[in-house]
Amino acid sequence: MRKRPKNSLTHKILKAISIGGIVLIAASSPYFGLAFFKGIRRDLERKKWRDFYAQLKKLQKSKRLNAEQNPDGSFTVTITQLGKDYVARYDLDSLEIKKPESWDGLWRICSFDIPSDKQVARYALIGKFKELGFIMIQKSVWAHPFECREELAVLGKAFNIEPHMYCFMASDFDGHQNNHLKIKFERKNRTILKT
């Protein structure tokens, strides 16, 4: 069975470097600069140095990392924008929308018109909307009562569909429709919207 990208050594190396910024890797121990990251420690203890260096070279070749050897034999490793995008794309499992103490009465609406050559991205987006508690108004119009612009931006960037997403807030539905959306959201998410 193939590893999911977020569980691969490649992904863990990129994520560790993206969190830490610049990492200095000592020539005597390739794990020196990364060993303190819990998510990667277990893999590093099991992997051999050759595997680690092979992954670094692969990441450098794919332009996800910049690695430069210093005069003392150590390496300075930095993540590129392409590497950051890769980490963001596969780190969607930790994405969540925070529930405030009280609801401001506004609906965050996201509509999209995704071209047919990006249907996989469309289905992935809809799946994430369902996971995050959005409710469907129409097939390509979804709503959420809590602030989620940052989360929507992450999804748009991760699925490479930013130009096809339109997000706005709505404060005035007719009374019946607003109440219908509220009830639908509360049932789906097993919560009560308090204003």
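Taken together, the values in this text are just the output of simple stated rules run on the coordinates, not laboratory data. As the structure is a computational prediction, the values presented were derived from the model and not from experiment. Methodologically, a virtual Cβ is constructed for each residue, glycine included, from the backbone with ideal geometry; neighbour enumeration extends over all protein chains shown.
Values for this structure:
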| quantity | calculated |
| --- | --- |
| Residue order, fewest to most beta carbons within 10 Å, for Thr195, Thr78 | Thr195, Thr78 |
| Listed pairs Lys157/Lys182; Lys118/Lys157; Lys58/Lys118; Lys99/Lys182 exceeding 22 Å between Cα atoms | Lys157/Lys182; Lys58/Lys118 |
| Distance between modelled label sites at Lys61 and Leu106, nm, 7 Å Cα→Cβ extension | 4.9 nm |
| Qualifying trypsin sites (Lys or Arg not before Pro) in the range 83-121, DSSP loop, other Cβ atoms within 10 Å at most 12 | Lys98 |
